[in-house]
1. With everything on Cα atoms, drop me the angle between helix 212-224 and the longest principal axis of the chain, reported from 0 to 90° to the nearest 10.
2. If R0 is 56 Å, what FRET efficiency do you get for residue 470 and residue 96 from their C-beta distance, rounded to 0.05?
3. Given an 8 Å cut-off on Cα distances and at least 6 residues of separation, report the relative contact order of the chain as a percent.
4. Name the residues whose placed amide hydrogens come within less than 5 Å of the amide hydrogen of residue 473, ignoring near sequence neighbours (fewer than 5 apart) on the same chain.
5. State the Cα centre-to-centre distance between region 595-657 and region 205-272 in whole Å.
6. Can you pull the accessible area of residue 272 for me, 1.4 Å probe, Å² to the nearest 10?
7. Can you work out the accessible area per residue across region 131-191, with the rest of the protein chains kept in place, probe 1.4 Å, in square angstrom?
8. Would you compute, for the Cα atoms of the chain, the largest minus smallest coordinate along each principal axis and list the three values in descending order, in whole Å?
Amino acid sequence: MNSGVQAHIGSEQRERIQLTIRGTVQGIGFRPFVFRLAQDLSLGGWTSNTPQGTLLELEGTPNQLRVFQKRMMTELPSSGNIETMTSISLPIIDEQSFSIGNSQWNDQTQSVVSPDLATCQQCLEDVNNPLSRRYRYPFTTCTQCGPRFSIALRLPYDRLNTTMHLFPLCHHCQQEYDDPSDRRFHAETIACPSCGPQVELWNQEGNLSAQREEGLHAASEIVRNGGILAVKGLGGFQLWVNAESSEAVQRLRQRKNRPTKPFAILFPSLPYVEQHCLVSHDARDLLISPAAPIVLVKKRTASTLAWNVAPNNPYVGAMLPFTPLHHLLMNDLLMPVIATSGNRSEEPLVIDERDAIHRLQGIADAFLVHDRPIVRPIDDSVVQVVNEKCLMRRRARGYVPSPLSVKRDFDNDLTAFPILAVGGHLKNAVAVTTGEQIIVSQHIGDLSTPEASTQFEQTIADMLTLFHVTPQTIACDSHPDFRSSRFASQLGKKLNIPVMPIQHHHAHISACQAEHDLQGPVLGVAWDGAGYGLDDTMWGGEFLLCKDTDFTRLAHITPFRLPGGEICMREPRRVALALLYEVFGEKVFEWDLPPLQSLGQQMTRSLVTLLEKNINCPITTSIGRLFDGVSALLGLSQVASFEGEAAMALEFLAESEMEKTHLHPYHIPLEPQSQLQEPWVADWQPLISAIVRDISEQESPSAIAFRFHHALAILITDVAERIQCPQIVLSGGVFQNALLLKLSEAALTKLGFTVYTPQLFSPNDGGLCLGQAFITMHQFVQQNNSA
């Protein structure tokens with residue numbers, strides 16, 4: 001801390017300083033927190049929100065100022081995060097009292113609003129207390145909980161800049177808001193039954209059926225009796241149905257056109273989760289955290305959940321109530337319910353009640369709505385605990401828009417070089433940079449429908465507006481035909497700024513490098529379904545040596561062809577045929593393996609003709625497709641209804657063999673190319689030959705599945721030992737496979753390598769925008785240093 005301008009009052013030396021604090025400090029009760037702390041230490045001054053963060057001016061003795069800064073860091077509200085704090089000295093003005101000033105405004109935004117926060121214990125006690133004036137009020141909040149990002153219209157985060165400006169405070173709420181001793185002091189979302197939002201129950205046509213308390217009870221009865229209820233929650237609508245009724249679940253599947261993809265389950269409380277699922281200490285901490293995500297946990301065999309909640313899946317996506325509205329409904333129901341995204345398959349989340357009547361027509365039997373507008377759709381986050389670490393599968397509510405600060409000592413000022421990164425095609429998310437912060441958007445989804453593409457463009461416009469970003473360059477995937485890449489090209493021309501195509505798998509690895517602040521080169525193992533390669537083929541089984549803006553392709557699996565192209569993503573049986581044909585040629589017609597049975601003789605001959613003539617058979621090195629092919633060979637999945645279904649089935653089958661140490665992995669030889677400087681090639685053909693042999697000898701399918709997983713883990717260690725790079729990064733959608741991740745990390749760690757995996761950002765394509773932004777930051781710095 002600077003020494004400050006000093007003065008003596010009597011015998012006491014005083015100083016005045018100004019602190020500028022950046023990070024997640026808006027929307028978490030930070031100003032009331034520093035107000036009370038300043039009062040406790042008898043400091044003068046003021047605090048105010050600004051677009052750059054939160055500004056404080058403090059006046060007191062040097063010791064008081066030191067104690068303030070120490071306590072501010074150690075006693076910070078749990079949902080807050082201080083990224084940087086700068087201090088300058090000011091002349092003293094003999095200010096004795098401390099106040100909260102009006103927010104300041106300009107166009108240079110570097111502050112970030114808090115994510116939406118689950119209901120805190122104190123607010124829950126208010127909701128359940130008959131003596132409280134907020135008894136059973138569905139929109140009870142305080143400085144430590146409630147909506148934030150989902151209702152923010154602009155920054156800085158003040159009530160007038162949120163959709164709560166539509167609800168003027170009553171006399172009692174205004175008193176609480178102004179009272180420094182009240183925990184709702186300067187709580188921007190403060191409301192009560194007299195002045196705040198209200199709930200209504202609508203029928204299928206959008207006509208009012210019941211209001212307030214009557215509406216809550218009637219809504220609960222609809223779910224209890226097997227109906228499908230659309231609930232307007234925090235970041236959008238959810239579809240609720242009794243999770244213990246297979247008939248109700250099947251009706252939802254038919255109406256939503258979602259044959260087998262697992263549904264998330266909302267439980268009334270933690271004991272209910274533990275009654276149905278095996279919950280580790282780490283999983284418990286995630287469930288009850290302010291983020292309150294969906295957590296994947298193993299289902300107990302005695303669970304009464306309907307079989308079709310997650311068909312052929314030993315895991316359950318469990319979550320707890322995260323708003324007072326959810327708590328009230330679940331306290332009435334006292335049973336687990338499906339709470340899945342309120343949308344049609346492949347469409348964005350619905351956030352407006354009138355829009356819901358149209359878009360959810362024919363799905364929901366009734367609509368529980370409220371009159372607090374939602375600014376942007378924010379789905380539920382999905383996480384899993386693997387190796388005692390959080391693995392992010394979908395990053396949204398509770399985590400977004402918390403920024404990632406790039407902890408690099410850049411010589412250049414990045415505030416003058418804001419970046420827009422538009423991600424990929426599947427599981428899309430986008431990112432913007434403000435200085436050395438990267439802000440990743442909420443999960444948008446696959447850009448395969450016009451509605452999803454519209455939401456993608458709206459999210460970009462929203463991020464640029466909210467954080468006052470005027471991009472100087474746009475980063476995108478190197479695949480020229482991705483919807484996101486075409487948009488980047490069009491926007492780049494419109495704004496007359498450069499567009500930087502970033503190779504798909506390099507972005508996967510760089511995202512993890514950014515998250516963990518990795519310096520120096522890393523060996524990146526990037527395994528996924530598909531990504532556009534430098535040779536114009538589809539990569540997906542890559543070993544890359546990565547450092548900042550550069551990468552070298554060191555190894556990959558043997559390329560194979562996909563008969564029919566993209567349809568192979570939905571038909572694992574086609575991949576299995578391609579693998580068999582590569583190894584055995586015309587002999588495939590002599591066998592009666594499951595994928596050949598599913599295809600039938602006529603289609604098998606047609607696809608073999610495509611392979612023979614190399615017509616519409618794009619080349620790939622995808623480990624994701626290799627998983628699909630092996631899954632089909634074992635008869636697990638021939639035609640998939642959602643991405644990853646076949647690979648998941650293979651993983652779950654293999655898990656049962658985890659403790660059997662006598663199972664040796666299949667062998668995947670690693671051979672050098674004939675040309676010097678060419679990547680090494682991991683040949684999967686002996687693997688497929690061995691699997692077919694074991695199938696013919698009626699070996700256990702679960703043992704075959706486990707040996708396949710183990711073989712891939714050993715392949716990673718084989719490459720790592722040859723390269724001898726001490727830092728290993730595992731990323732890409734394939735590493736959502738918990739078994740593969742456990743086997744790989746254990747084998748590498750045993751050999752002395754340090755292994756890094758994505759945790760707070762997803763290893764799937766939802767993390768691509770982070771890697772794209774990080775690489776583009778480095779490209780800017782390198783160009784300026786060489787200029």
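1. For 212-224 against the chain, the angle is about 20 degrees.
2. 0.85
3. Over the chain, the number comes to 11 percent.
4. 420
5. Region 595-657 and region 205-272 have Cα centres separated by 35 Å.
6. Accessible surface of residue 272 is approximately 60 Å².
7. Numbers: 2280 Å² over 61 residues.
Here the per-residue accessible area is 37 Å².
8. In descending order, the Cα extents are 96, 68, 53 Å.
The values are calculated or read from the model by the stated rules, or taken from the named source; none is laboratory data. On a predicted model such as this, the values are computed, not experimentally measured, just so you know. Every residue, glycine among them, receives a Cβ derived from its backbone with ideal geometry; neighbour counts consider all protein chains shown. To get the accessible areas, we keep the full protein, side chains included, count just its heavy atoms, and leave off ligands, DNA and RNA. Shrake-Rupley method; radii C 1.70, N 1.55, O 1.52, S 1.80 Å.
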